[in-house]
There are 2 protein chains.
Amino acid sequence: MRNDKAPTMADIARKTGVSPMTVSRAFKSGSLINKDTRDAILKAAEELGYVFDSTASNLRSQKTDFIAVTIPSINNANFADTVGGLSETLSARGFQILLGYTNYDVEEEERLIEQLLRRKPQAIVVTGGKHTPRARRLLENASVPVIETWDVPAEPIGHFVGFSNADAVRSMVDHFVAAGYRRIAFIGGDASRDTRGSDRRLGFIAALDSHGLDASRLIDAGVPPISMREGANAMARLLAEFPDTEAVICVSDLSAFGALTECQRRGVPVPGRIAIGGFGNYEIGGICVPALTTVDAQARQIGERTGRLILDLLDDRPDVPHVTIEPRLIVRDSSR
Amino acid sequence: MRNDKAPTMADIARKTGVSPMTVSRAFKSGSLINKDTRDAILKAAEELGYVFDSTASNLRSQKTDFIAVTIPSINNANFADTVGGLSETLSARGFQILLGYTNYDVEEEERLIEQLLRRKPQAIVVTGGKHTPRARRLLENASVPVIETWDVPAEPIGHFVGFSNADAVRSMVDHFVAAGYRRIAFIGGDASRDTRGSDRRLGFIAALDSHGLDASRLIDAGVPPISMREGANAMARLLAEFPDTEAVICVSDLSAFGALTECQRRGVPVPGRIAIGGFGNYEIGGICVPALTTVDAQARQIGERTGRLILDLLDDRPDVPHVTIEPRLIVRDSSR
DNA sequence: CTACGGTCTGGTAACGATAACGGAGCACGG
DNA sequence: CCGTGCTCCGTTATCGTTACCAGACCGTAG
């Protein structure tokens, strides 16, 4: 079947009649080595079934080509898009993403960060700007670049690539007010664990205040992850508690779609009787009937910009330490 | 700021007056060490800002606690669920998932597998049972467990945790036929890259054949990843090409929902005029109006069972080499 | 003929942790 | 007093690769 010992560079060296050092060079691109020698080495390696050992290489060269990334949940198309953009940008350069899920829990994030740092990544990307004191300390003392994303942290640890969730919601409130809506509610953002969600709710309240409007129509939607089902339940409560509501902004397109379906089940016309806005520009918001007004947070772009920032930093190119993304308001039929 | 050299176990040993070996023991749970000594060591480590170095540990102990996983795309709730189940099962035991995306491309999968194996994972999980010859060889020669998922491979490389996509679709066809539908179409599964999708289409054709029904109402939906938009486009083509169709089965709930929205835009009653079935039991299918009949492929369970299988294998517990998952037909309003 | 730059290859010594082994110290029983 | 078993800790030698430093060889210029 297979040998009990996996072949090493030394085995290839013996078989090819060169030194282990030369074998090493054959596997490293851009090293000074005769083409014939290299070909012979690679051929011998293939014959022996050799598999390069990153573990040893990492230790000796003190670089792992790992980029550590924490996201709240894998089950979220927005974060998935960010990771996708990041992954594509970085894997082209041979980096491997080390992904961890915090489950929207800062304690879990702390554990995760500690675990990830042990792997000696060459940069670490975290979602959000709120951390436990110890997690903060770990990140500050990490001798690699730290990038916070999806937020504009009050006190950035290192770099960040993000946007203001509060400002983004404000742009939608402005749209609703300009469209003539006055009695506006908000669904979600009640879970303190989802800090971006609660930033959106706070932004909603501040925006309504600045328009001189009543900001007390707040409907809870429970713990993250945000679900369509909870959006539907929340809409049911909204219609019961504040029957005269003209428009509702949801913490996410997912809850917005759930809310929309609740209206459909009850025969409540959207936007005729109540207008709906979401957040995140998920695919569903663009295709459901009516299509959802939303804010595109540019999830993929966040990932790409983060990836490029990391490459700049690791290549010692001049970099912009803080990247602010501009979310884009997308007005669709659900609010007109 | 920070020292230019990160502290090592030797530094802690010097500071605490013990040997490096004892420091090592302090960090390994279940080792024989005096409680006071351990506490002193951990305290000194915290003071020095020591971070355990997995790369060195991995090399010496020849185990990385990595589990390599390939999935077609991160942007798919089903695969995300599988990874979620896998991750939860394994991270409780200290394993780290090394995730890679094949982008539905076997060539890319081959590159990815090679790259992942260099990291010396302790097991490798791949999605699907179709691979390039070289990828197959790499997996066969890997000296760690190999688990194929989301499929019942014709020739399993090692273990598998999956189900027959063809059989799963057959159960839905049977439901439609029993409900009285005869002119049944299929949307998607035309892209050979999405092998599970094309298995479903083939299963659809075989099932219709066995019922003595015409299986030529096939609508393409383009390259993966499967999108709601393409589902809507496909439904438009279906209504144009085969206007007398009574029911349609889609390769995924996502295309099914897209198809449903197209019907809504055109005022085509569902299921009154045309019934719709999806696949995968995505959240959306349970909440949209009407809710979608679908097949639950038990994505999360696939991940959990794979995780438990890996733990059994690594702990030398007796294991069931091949786990067959039973997909569950869920009948909802879209087909009744 | 010597000097010199460029290409290619080899020897040696780490990188930082730990497996394996051994030994010290102590308690206990006969 | 010795033998036995247990807890706890130190010494040594790696794990497989590569950074660093030499050095051999070749062609060309002075």
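The values are calculated or read from the model by the stated rules, or taken from the named source; none is laboratory data. Because the structure is a prediction, the values reported are computed rather than measured. So basically every Cβ, Gly included, is an ideal-geometry build from the backbone, and we count neighbours across all protein chains shown. Each accessible area value is taken on the protein alone, full model and side chains, heavy atoms only, with ligands, DNA and RNA left out. Shrake-Rupley method; radii C 1.70, N 1.55, O 1.52, S 1.80 Å.
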For A:GLU114, inter-copy label distances in nm, listed shortest first [label point 7 Å out on the Cα-Cβ vector]: 3.9
Beta bridges per DSSP with both ends in the protein assembly as shown, % antiparallel, nearest 5: 10
Rounded to the nearest 10 Å², the accessible area of A:THR55 at probe 1.4 Å: 10
Label spacing, shortest first and in nm, from B:GLU46 to its equivalents in the remaining copies (7 angstrom along Cα→Cβ): 5.5
Computed helical MRE - 222 nm, the protein assembly as shown, DSSP H runs ≥ 4 contributing -39500 (n - 2.57), nearest 500: -14000 deg cm²/dmol
Solvent-accessible surface ranking, highest first, for B:SER29, A:SER227 at 1.4 angstrom: B:SER29, A:SER227
Efficiency of FRET between A:LYS35 and B:HIS211 - r from beta-carbon atoms, R0 56 angstrom, step 0.05: 0.35
The protein assembly as shown, accessible area per residue, ligands and nucleic acids excluded (1.4 Å, Å²): 42
Threshold 40 Å², the stretch B:114-153 residues less accessible with all protein chains present than alone (1.4 Å probe): B:GLN115, B:ARG118, B:ARG119, B:LYS120
Cleavage-rule hits, trypsin sites (Lys or Arg not before Pro), the stretch B:69-138, DSSP coil, Cβ neighbours within 10 Å at most 15: B:ARG93
Heavy-atom accessible area order for B:VAL51, B:VAL223, largest first, 1.4 Å probe: B:VAL223, B:VAL51
Size of charge dipole - the stretch B:9-52 - debye, nearest 20, with Cβ of Lys, Arg +1 and Asp, Glu -1, no other charges: 140
Shape category assigned to the stretch A:93-171 from the gyration tensor of Cα positions, a/c cut at 1.5: prolate
Overall form of the stretch A:77-122 per C-alpha gyration tensor (a/c, 1.5; a/b vs b/c): oblate
Gyration tensor (Cα) of chain B, equivalent ellipsoid semi-axes in angstrom: 50, 20, 17
Fraction of antiparallel bridges per DSSP, chain A only, in percent to nearest 5: 10
Heavy-atom accessible area ranking, 1.4 Å probe, most first, across B:ASP39, A:ASP151: B:ASP39, A:ASP151
Two-site FRET efficiency, B:SER143 against A:ASP244, from Cβ-Cβ distance with R₀ of 56 Å, rounded to 0.05: 0.25
Residue among B:ALA206, B:ALA92, B:ALA236 with the largest mean-square fluctuation in a Gaussian network model of chain B, springs linking Cα atoms under 10 Å: B:ALA92
Computed magnitude of the charge dipole of chain A (debye, nearest 20; Cβ of K, R +1, Cβ of D, E -1): 780
Proportion of all alpha-carbon pairs of the protein assembly as shown beyond 45 Å (%): 27
B:HIS159 accessible area, 1.4 Å probe, all protein chains in place, Å² to nearest 10: 30
Size of the B/A contact, given as accessible area buried on both chains, probe 1.4 Å, in Å²: 4700
At R0 = 30 Å, FRET efficiency that the Cβ-Cβ distance of A:ARG182 and A:THR324 yields, to 0.05: 0.45
Nearest-10 value in Å² for the accessible area of B:SER91, using the 1.4 Å probe: 60
Centroid-to-centroid separation of the stretch A:209-286 and the stretch B:193-208 [C-alpha atoms, Å]: 38
For the stretch B:84-98, residues shielded by at least 50 square angstrom of accessible area compared with the chain on its own, probe 1.4 Å: B:GLN96
Portion, in percent, of the accessible area of the stretch B:165-296 that falls on carbon or sulfur, probe 1.4 Å: 52
Cα pair distances in the stretch B:165-296, grouped into 5 Å bins until the bin that holds the longest one, percent each: 2, 12, 25, 27, 22, 10, 2
